Structures are given as structure tokens and as C-alpha cells.
Number of protein chains: 2
Amino acid sequence: MTVVDANLLRDVAAKALKRAGIPQDHADQQLNLLFEAELRGIPSHGFLRLDRITRRIANGVADPNVRGLHEWRKRAFLSVDGQRGLGPVVVNAALEALTARARETGIAVAAIRNSNHIGMLGWYAERVAAEGFTIIALSTSEALVHPWGARRAMLGTNPIAIGIPSEDRPFMMDTATGIVSMGEIHDHAHRKAPIPQHWALDAAGNPTTDAEAAKKGAIAPFGQAKGYALGLAFELLVSSLASAAIGTDVRGTLDETEICNKGDIFIVIDGPHYGLKAYLDEIRALEPAAGFDRVLIPGERGRACREQRLRDGVPIADEVWERLQVLAGTKVAA
Amino acid sequence: MTVVDANLLRDVAAKALKRAGIPQDHADQQLNLLFEAELRGIPSHGFLRLDRITRRIANGVADPNVRGLHEWRKRAFLSVDGQRGLGPVVVNAALEALTARARETGIAVAAIRNSNHIGMLGWYAERVAAEGFTIIALSTSEALVHPWGARRAMLGTNPIAIGIPSEDRPFMMDTATGIVSMGEIHDHAHRKAPIPQHWALDAAGNPTTDAEAAKKGAIAPFGQAKGYALGLAFELLVSSLASAAIGTDVRGTLDETEICNKGDIFIVIDGPHYGLKAYLDEIRALEPAAGFDRVLIPGERGRACREQRLRDGVPIADEVWERLQVLAGTKVAA
């Protein structure tokens, strides 16, 4: 790990994206998404992914120049063909159309197919909620999670983010429906650390504490049968509405050569905003249970991490930092 | 427990609702909701609640004659004042308006306040999905669940149901965001059986295996921090959009005298339906993990239970069956 000044890190990543031939406006959007993940302590969705993005562009499975084709199938139902565009570029263009429509209709939905990895859903949810909209965001991914009671992966990690306006800062939660991310398992494998018994199965479908074995196996759904039910519902809902691939047919979020065929759904609501702060403050002030320092509100640990990292620098894995500088042309490959 | 013929059970319950002064059409809707819960093996949302419904009508906090006032705040945003109506009557009227509007706009949302307990969300989700719509249903309730890391209840059990059309039968999942229902804890207390360590806290906020102590305490969120984040997001979203009470201010879903001030949100989407059956069949056919007979699809255990109970009769708690017959006037109170 190296702690890198936040501005320097951002500048180097910006150079790397520019050298990949991404138009400035689109590069900025991709940069902001990855940089925010680093600031909020989610390195699996940060600059680790930049190398793959540039390779996908070079391989023709990501097109940095497009924003997606919009078709309003009905007054409040936007169907988006992402044209193999960069995830955040396609989503931002869709959200712009969606919020404008929701102001008129009260609610609108975008169903996106054929775009690339859209990264941390909370990034979108928080911004849209800050504009005064309630938002539900769903996205599918390669099958990494096993159905409850099964032995192999059939579901994406299928995250959900929800953003809700409030008096001061919006509420934002963002969670995957796997008990842990594959990034976390890779991190344990890298450190040769064991994983807890209930996190994952090995390739044969048996519980394992060996992170290396888990990499070839399947992650458990969070919350057992209930989390499985939710993750499956999200997989079906997204695939169905976005006409996207499903289950083990999903490709292109973890590789460098396959067309990305997952889907994304954004529901934006222009509703009333009531005072949520008093209630959230009441939760914050609750006496913590044994073993807890305090009661947290979802999203706030990430925000605190962001403030601290902007001030004190961003810890980044040596190989990611090294690669970033090579891609930026500020350092020659070893 | 008594096993009662399904038709007999339904007839007796119908008589009880009629005697409570509910108009026939509205009584039928309330009956169908409660009966379906009994058939699907969810007695906590079944005829156990009928006595309370009749008392709430007698006490003037439930009005059996109304269907709710509809105000389209925007083209696809329906605001419903439930006028203290019966939950299923108010929701069914809202869903009728909502599906008609979603056909035109592609998506529509209903935000309902001031209605009574709406029961099993899956009942609505399955029917709307069978009509060809994707649906997300949310509802709040009295605070029974503690935030993750806290010592007391601040959240409703905040269920979510999702229905999605498919070639044959719709997919439907319905789950609360508490690890278990308060009904389940009451059932353990009744049987003087201990509860698992991680289910609940006592009134002092300490983990307990004593079901009697848990009745005065708080239920854990399912899936630890992730389930807490979802349950809280649902509480905020519903309260905000429906202008409903929040947290410990919620009343009227468990008592006989308070105006019910929780909220309900229904989002209905008229989108494409793709073939989900092949994927669901693939999941059904997966080799089960150790300790499992087979891999289940959410909602299907309830459907199987329904078939079996229609055929073989419905097991019902003696005191519930007794009370039902007294309310129906088919038996004199002991």
C-alpha cells in the first residue's frame, strides 16, 4: 500500500484515461466514478478497474465516444441501448433524461442494456437524491453468487442503491446481495488469509475457508434465504425490463474481450421530501450494543472516509498505483 | 391445532366479516387476503387478525365503507388518502388505477397513507404480475426491529414484495427485513420454546433466547448491516413519499384503538416480459447443498402449501378457530 495525495492520484488517473483515447467529457465522468470509489474505501470499484477499461476500449468491446440511444417506449419508460458505451457515461445521459421526465410525470424508469460496468451504484443514487429525487438503482453482473441451498453460482452480486432527499444531505444506501464481494475474497487470497466459513463455496460446492478455493467457487447470498430471494428478484427484474442476459450467460463485467450484456435499472421519483433528519438523528443517538462504538447510518462511513482521504491521502495497492502511472505515461513499466 | 376444511374455514370467516358490518364487496377482499395467508402457511397474517379488524371497525379507527381518495399529483404519481379504510380495499382500488395508468405511461407509483393493515404483500404482487406488470410493493409498520448495532427497535419489519411476469406463472417474492416476524416470537413464547441467540434483544437491549423477554425487546434485522440498510431505506422511502409516520411514531397495525398512520408504496411497471422460466428451471434443477432437499424458488413453497391445504384442510390454532366461530355466530363463546 502507498498513500497517495488525492489530487495527485486524480491527476495521474486523468492522464491515463486521456491516453486511452476517451473524449474529455466522458473521461471526466469515468474518472469521477472511479475516484469516488477510492475516496469512499471501495477499491474493488476504483482504479483497479482502469486498466481493464482501457483494454476493453482497445479490444473494441467498449466505445468511449457514445452516450447511448434513447427510446421512450412509453411516456415514463426509457429504453436505452448503451451502444457499448462507458457505464457512467451511458447512465449519466439516461439519468439526465429521466430526472427531467420524472419532474413532469412523478416517476420514470430507465432500462439500460449494452453498456459497460457502471461501478458503484451509490455514486448515482446520491447525486440524484441531492437534486431532490428518490431513486432506486439496480444492476446485474456475472454469476458469482449461489442460490440459497445450491452448490454453484447462478446470480450476480446484484447490488441495490437507494437515495432519498432530506433536509441536509440525502440518505444513500448501496449494498450488494452477496454476503461479500469477490474483490474481498481476492484480497484474502492475495494476503493468504482464511475467509469465514459462511462466505463461500469451493468449485465442488462445499463450504470453504480457503480464499483461493473460493475464487473458483461461489459467494453466499447475504441473509440466507431472504437475501437470495432479493438477489434473484433483482436479477429477474433487471434482465426482464432491460432485455439483458441472465445468470451464467452474463459476460463483460470482469473480462477484457466480451461484449457486456448485463442490464441496469434506474427508477426516479419526484415525490415530496419530508424531514428525515430528526429520525436519522434519533438513530445516530441510540445507545450502541455491546461490541459497537456507535450506531451507523448507511453511507455515512463512506462519507467520513471520503473527507479523511481528501485531507490525508488515499491508500492504494502498490501494483494499482504502479500500473496507473504506467498507463498515464508518468512512469515507465518496470 | 385443528385442521379445518378450507371451504368451511372460508365460509365461517365470511360470516364473521359480514356480521362486522362490512359491505359484501369489501368483506370479500378482506376475506381473500386473510384466507390466502392461511393457505400459504403465514398464519400471522391470517384469521388471527380478523378479531382485531372487527374491533378496529367498532372503535371507529377502521371504516369498512371507503376505498380511499385518489389524487394524481402528477401523471404517474398517485397519492392516496386511505380514509381509514380496510387495507386490502384501499390497496386494490389504488392498484386498479395504477395498472391502468402504467399501461399508458410505462410506470406509475401509488403512495398510500391513512389505510389499515394491508397484510401479506405477496398477495397483491402475484396478482398484478399475473396481469402482466412488474411490481415492487413496500409497507411500513410499528417499530419492532433494531438498527444494526443498536439496542432497541426503531424500524418496522418493513417487508418488500416483488412480482415479475413470466411465461407460465409469475415470479413472486415477499420478505420482511426483520430476521423473523414478531408472530414467530409470540409463537415460541406460547410454546415456551427458546429462540435462537441472534433473533432478538430483550427490553434492556441484550441478546436473549427467552421468547417472552424478546416480546418486549427488538427483533434483529435480517442479514446484519445489509438488511438494516435495506429496512431503513424502505422506512425512509415509504414515510417520505406517503407522508406517513416513521419509526416509533407508527401506530395502528398491532392495536385496536389507534388510527393507523403507516404508509404503503406500490410501483407498477408495464415493461417487456422475457422468458424467465428457462432460467428458473435451471435453478430448480441445481444439485442441492448438504442439508437441503432441493433448491427452492421464492414463493413456490407457499404455492405448494396452498394446493395441499385446499385439498387436505387448513391447520389453524384452536383459539383462532374458536374465536372465528364466535364472531361468525356459528358458536356461542365459552
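Tell me which strands (runs of 3 or more DSSP E) are completely within the range A:98-192 and hold 3 or more residues being open to solvent by less than 10 Å² (accessible area, probe 1.4 Å) and touching a residue at least 60 places away in the same chain (Cβ under 8 Å), or say none if there are none. If you could, list the steps in order and put the result at the bottom.
Working: elements: A:107-115, A:134-139, A:160-164, A:171-175.
Those strands (runs of 3 or more DSSP E) span A:107-115, A:134-139.
Test of understanding: among A:VAL90, A:VAL3, A:VAL66, which residue is more than 20 Å from the chain's Cα centre (by Cα), at pLDDT 95 or above, β-branched (Val, Ile, Thr) and not in a loop (DSSP other than H, G, I, E, B)?
Going through A:VAL90, A:VAL3, A:VAL66 in turn, the sole match is A:VAL3.
Identify all residues within the range B:193-226 that are in a helix (DSSP H, G or I), of a type outside the set (Gly, Ala, Ser) and without any contact (Cβ under 8 Å) to a residue 60 or more places away in the chain; write none if there are none.
Kept after step one, since they are in a helix (DSSP H, G or I), are these residues of the range B:193-226: B:211-215, B:224-226.
Adding the requirement that they be of a type outside the set (Gly, Ala, Ser) leaves B:212, B:215, B:224, B:226.
Those that are in a helix (DSSP H, G or I), of a type outside the set (Gly, Ala, Ser) and without any contact (Cβ under 8 Å) to a residue 60 or more places away in the chain: B:GLU212, B:LYS215, B:LYS226.
Tally up the residues in the range A:178-219 that are more than 22 Å from A:ILE316 (Cβ to Cβ) and at pLDDT below 90, please.
0
Is the range A:195-207 home to any residue that is open to solvent by 10 Å² or more (accessible area, probe 1.4 Å), within 30 Å of A:SER79 (Cβ to Cβ) and more than 9 Å from chain B (Cβ to nearest Cβ)?
So the first thing to find is which residues in the range A:195-207 are open to solvent by 10 Å² or more (accessible area, probe 1.4 Å), and the list is A:196-199, A:201-204, A:206-207.
With within 30 Å of A:SER79 (Cβ to Cβ) added as a condition, the list becomes none.
Scanning the range A:195-207 turns up no residue that is open to solvent by 10 Å² or more (accessible area, probe 1.4 Å), within 30 Å of A:SER79 (Cβ to Cβ) and more than 9 Å from chain B (Cβ to nearest Cβ).
Regarding A:SER79, is this residue open to solvent by less than 60 Å² (accessible area, probe 1.4 Å), outside any helix (DSSP H, G or I) and either within 21 Å of A:CYS305 (Cβ to Cβ) or not aromatic (Phe, Trp, Tyr) (or both)?
Details: open to solvent by less than 60 Å² (accessible area, probe 1.4 Å): yes; outside any helix (DSSP H, G or I): yes; either within 21 Å of A:CYS305 (Cβ to Cβ) or not aromatic (Phe, Trp, Tyr) (or both): yes.
Yes, satisfied.
May I ask you to list the residues in the range A:248-261 that are surrounded by 23 or more Cβ atoms within 10 Å (Cβ to Cβ) and away from chain B (no Cβ under 14 Å)? Walk me through how you get there before you give the answer.
At the first step, the residues of the range A:248-261 found to be surrounded by 23 or more Cβ atoms within 10 Å (Cβ to Cβ) are A:250, A:252, A:260.
Listed by number, the residues that qualify are A:GLY252, A:CYS260.
Somewhere in the range A:146-163, is a residue polar (S, T, N, Q) and assigned by TED's automatic domain parsing to the domain that holds A:HIS117?
Start the filter on the range A:146-163 by keeping residues that are polar (S, T, N, Q), which leaves A:157-158.
Now narrow it down to the ones that are assigned by TED's automatic domain parsing to the domain that holds A:HIS117: A:157-158.
Yes - at least one qualifying residue is present in the range A:146-163.
Tell me whether the range B:117-132 contains one or more residues that are farther than 29 Å from B:ILE219 by Cβ and facing chain A (nearest Cβ under 10 Å).
Of the range B:117-132, the ones farther than 29 Å from B:ILE219 by Cβ are B:130-132.
When the remaining residues are screened for being facing chain A (nearest Cβ under 10 Å), the result is none.
No, the range B:117-132 contains no residue that is farther than 29 Å from B:ILE219 by Cβ and facing chain A (nearest Cβ under 10 Å).
Sort out which residues of the range A:264-320 are free of Cβ contacts under 8 Å to residues at least 24 places away in the same chain, farther than 21 Å from A:ASP168 by Cα and open to solvent by less than 40 Å² (accessible area, probe 1.4 Å), and write them in order of number.
A:PRO288, A:ALA289, listed by residue number.
Would you confirm, using the coordinates I've provided, whether B:GLY82 is within 22 Å of the chain's Cα centre (by Cα) and of a type outside the set (D, E, K, R)? Step through it out loud before you land on a result.
Details: within 22 Å of the chain's Cα centre (by Cα): yes; of a type outside the set (D, E, K, R): yes.
Yes: the conditions hold for B:GLY82.
Would you mention how many residues in the range A:321-334 are out of contact with any helix residue (DSSP H, G or I) (no Cβ under 9 Å at 6 or more places or on another chain) and either surrounded by fewer than 15 Cβ atoms within 10 Å (Cβ to Cβ) or among the aliphatic types (A, V, I, L, M) (or both)? Reasoning before the result, please.
From the range A:321-334, those out of contact with any helix residue (DSSP H, G or I) (no Cβ under 9 Å at 6 or more places or on another chain) are A:322; that's our starting set.
Those left that are additionally either surrounded by fewer than 15 Cβ atoms within 10 Å (Cβ to Cβ) or among the aliphatic types (A, V, I, L, M) (or both): none.
Result for the range A:321-334: 0.
Conditions (1) of a type outside the set (Ser, Thr, Tyr); (2) touching a residue at least 40 places away in the same chain (Cβ under 8 Å), marked per residue:
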residue	(1), (2)
B:THR2	no, yes
B:VAL12	yes, yes
B:LYS18	yes, no
B:PRO43	yes, yes
B:ARG49	yes, yes
B:TRP72	yes, no
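Quick one: which of B:ALA290, B:ALA245 is within 11 Å of another protein chain (Cβ to nearest Cβ), farther than 17 Å from B:LEU121 by Cα, at pLDDT below 95 and not in a helix (DSSP H, G or I)?
Details: B:ALA245 fails: at pLDDT below 95.
Of the residues listed, the single one that is within 11 Å of another protein chain (Cβ to nearest Cβ), farther than 17 Å from B:LEU121 by Cα, at pLDDT below 95 and not in a helix (DSSP H, G or I) is B:ALA290.
Does B:ASP63 qualify as being under 22 Å from B:ALA94 (Cα atoms) and either hydroxyl-bearing (Ser, Thr, Tyr) or open to solvent by 30 Å² or more (accessible area, probe 1.4 Å) (or both)? Write out each step before concluding.
Working: under 22 Å from B:ALA94 (Cα atoms): yes; either hydroxyl-bearing (Ser, Thr, Tyr) or open to solvent by 30 Å² or more (accessible area, probe 1.4 Å) (or both): yes.
Here the answer is yes, as B:ASP63 does meet what is asked.
Run down B:ILE179, B:ILE162 and say which single residue is over 17 Å from B:TYR228 (Cα atoms) and either at the interface with another protein chain (Cβ under 10 Å from one of its Cβ atoms) or of a type in the set (A, V, I, L, M) (or both).
On the way: B:ILE179 fails: over 17 Å from B:TYR228 (Cα atoms).
Just one listed residue meets the conditions, B:ILE162.
For the range A:209-223, does any single residue satisfy the condition of being buried (at least 24 other Cβ atoms within 10 Å of the Cβ), within 8 Å of chain B (Cβ to nearest Cβ) and closer than 23 Å to B:PHE234 by Cβ?
yes
Could you list, in sequence order, all residues of the range A:293-318 that are within 30 Å of B:LEU230 (Cβ to Cβ), assigned to a helix (DSSP H, G or I) and of a type in the set (D, E, K, R)?
A:GLU300, A:ARG301, A:ARG303, A:ARG306, A:GLU307, A:ARG309
Inside the range A:257-273, can you point out the residues that are at pLDDT 95 or above and in a loop (DSSP other than H, G, I, E, B)? First the steps, then the outcome.
To start, the set of residues in the range A:257-273 that are at pLDDT 95 or above comprises A:257-270.
Result: A:THR257, A:GLU258, A:ILE259, A:CYS260, A:ASN261, A:LYS262, A:ASP270.
Just checking, which of A:ASP168, A:ASP174 is of a type in the set (D, E, K, R), in the same structural domain as A:ILE259 (by TED's automatic domain parsing) and within 18 Å of the chain's Cα centre (by Cα)? Spell out how you get there, then give the answer.
Values: A:ASP168 fails: within 18 Å of the chain's Cα centre (by Cα).
So the residue among A:ASP168, A:ASP174 that is of a type in the set (D, E, K, R), in the same structural domain as A:ILE259 (by TED's automatic domain parsing) and within 18 Å of the chain's Cα centre (by Cα) is A:ASP174.
Which condition breaks for B:TRP321 when tested against (1) more than 30 Å from B:GLY60 (Cα to Cα); (2) assigned to a helix (DSSP H, G or I); (3) among the aromatic types (Phe, Trp, Tyr)?
Of the numbered conditions (1) more than 30 Å from B:GLY60 (Cα to Cα); (2) assigned to a helix (DSSP H, G or I); (3) among the aromatic types (Phe, Trp, Tyr), the odd one out for B:TRP321 is (1).
The values are calculated or read from the model by the stated rules, or taken from the named source; none is laboratory data. Owing to the predicted nature of the structure, the values given are computational and were not obtained by experimental measurement. Backbone-built Cβ (ideal geometry, glycine too); neighbour counts: all protein chains shown. Note: areas computed on protein heavy atoms with side chains; ligands, DNA, RNA excluded. Shrake-Rupley method; radii C 1.70, N 1.55, O 1.52, S 1.80 Å.
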